[in-house]
Structure formats: structure tokens, C-alpha cells
Amino acid sequence: MNRKLYFTLCWRSNLVSLRVTSDEEMVGFILFDNEAYTDGYYWILRFMIDGRYQGQGYGKSGLHHEY
């Protein structure tokens, strides 16, 4: 985890981080703000899938999953 992201997580309690997993192995990471912005939308701040797992549908599955 890079230093900027670590400090963001520590200082903003309204952020939610989720793991994207396959068979209990972490293949990615999602970070989003659980408060609506002034435009009425929620924002995904980070969405990362490990390079070894890209192109296998994990990103699409992570976006369509109900949390």
C-alpha cells in the first residue's frame, strides 16, 4: 500500500475498503466513499486488480457484486 493511500485511509473514516477474492485468495481491492458527494453520486476512489488476474472477469464481478 502506498503512503498516500495509507494516510487517506487513516484520516477519512467515511471510506470503505473491500477485497476482491477468488477461492479465498485476494485478487484485487476496491476503495469507495460511503457518503454521497454534492452531485448525489458515490465515488470509487481506487479499483485495483492484480496484473496476474486481469482479463479474467474479476473487475466486472467486483463492480456488479452487491455489498
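Quick notes on this one:
- Applying the Karplus relation 6.51 cos²θ - 1.76 cosθ + 1.60 with θ = phi - 60° to the range 48-57 yields 3J(HN,Hα) values of 10, 10, 3, x, 5, 10, 5, x, 10, x Hz, where x marks Gly and Pro.
- Per-residue Cβ neighbour rank within 10 angstrom, fewest leading, 24, 35: 24, 35
- Förster-model FRET efficiency, 30 Å R0, residue 56 and residue 33, C-beta, rounded to 0.05: 0.65
- Ranked 15, 63, criterion: other C-beta atoms within 10 Å, fewest first: 63, 15
Computed from the coordinates by the stated procedures, all read-outs in this text should not be read as laboratory data. Treat the numbers as computed from the prediction; the structure is a model and nothing was measured. Note that we place each Cβ from the backbone using ideal geometry, even for glycine, and neighbour counts take in every protein chain shown.
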